[in-house]
Amino acid sequence: MNTHEPAALCVLTTDGIETNALTEAAEMVLRMQLNGQAVSVRCRPDTRLLTLLREYWHLVGAKPGCEVGRCGACMVWFNGAPANACLLMAYQLQGQSVRTIESLREDPASAPVKDALDACGGVQCGYCTAGMVVHLTWLHQQSPRPSFADAEAMMCGNLCRCTGYGGIRRAMRELFEDNRSATGATARTS
Ligand code: FES
Ligand code: FES
């Protein structure tokens, strides 16, 4: 028996998003907003958001990388700000709002980010890309927009394990370099 599978299964209805299964040991009913839709699922309070997304809602854009909050591969928006889905547990999500790459990729706000990554060769193996787009989209829509140097510092939690940062940094320069004069920051070359 695969011990990673839910022990006993039933199906909950959600408003617009198909739910898979619940564990027999469920202890709470989580109700939250997911990608703009009300969803609910019965689960243990310590079930991680990353597990809920991938195994119950089949939203697999958020990737399991380090699973300890260091790589950013699982990044989502939690109440409108970037957060690592591997560090958020069900009890923290009650009544809250989450957006994943599956929603953000359709949002016009992500278009400049996707275009820059594409044009600059910033999309490589792809494991880190969803988290990068999630975080860069949030940074790019901030007002005032951060400088390249500030954006680069804030992206320190998004790792590319193949170390191909050249294309990603070129894309970030296109997205944030215009802000250099406003802050006095100077973009570094890759
Ligand atoms: S898998 Fe969540 S930060 Fe690495
Ligand atoms: S392109 Fe990000 S991990 Fe390889």
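Every read-out reported here was derived from the displayed coordinates using simple, explicitly stated rules and does not represent laboratory data. Remember, it's a predicted structure, so these values are computed and weren't measured experimentally. Every residue, glycine among them, receives a Cβ derived from its backbone with ideal geometry; neighbour counts consider all protein chains shown.
Largest first, please: the extent of the C-alpha atoms of the stretch 41-170 along each principal axis, to the nearest Å.
The principal-axis extents, from largest down, are 43, 32, 25 Å.
Bins of 5 Å, beginning at zero and ending with the bin holding the largest distance: percent of Cα pairs per bin for the stretch 28-100, please.
4, 19, 32, 29, 13, 3
Looking at the stretch 60-109, what % of the alpha carbon pairs are farther apart than 15 Å?
Pairs farther apart than 15 Å: 45 percent.
Given contacts defined as C-alpha pairs under 8 Å and at least six residues apart, what's the relative contact order of the stretch 108-180, whole-number percent?
So the answer I get is 47 percent.
Put +1 on the Cβ of each Lys and Arg and -1 on the Cβ of each Asp and Glu in the stretch 57-139; which of 83, 60, 129 then has its Cα farthest toward the positive end of the dipole?
83
Once every Cα of the stretch 108-180 carries one equal point scatterer and solvent is ignored, give the base-10 log of I(q)/I(0) from the Debye formula at q = 0.15, 0.19, 0.22 Å⁻¹, two decimals.
-0.40, -0.67, -0.92
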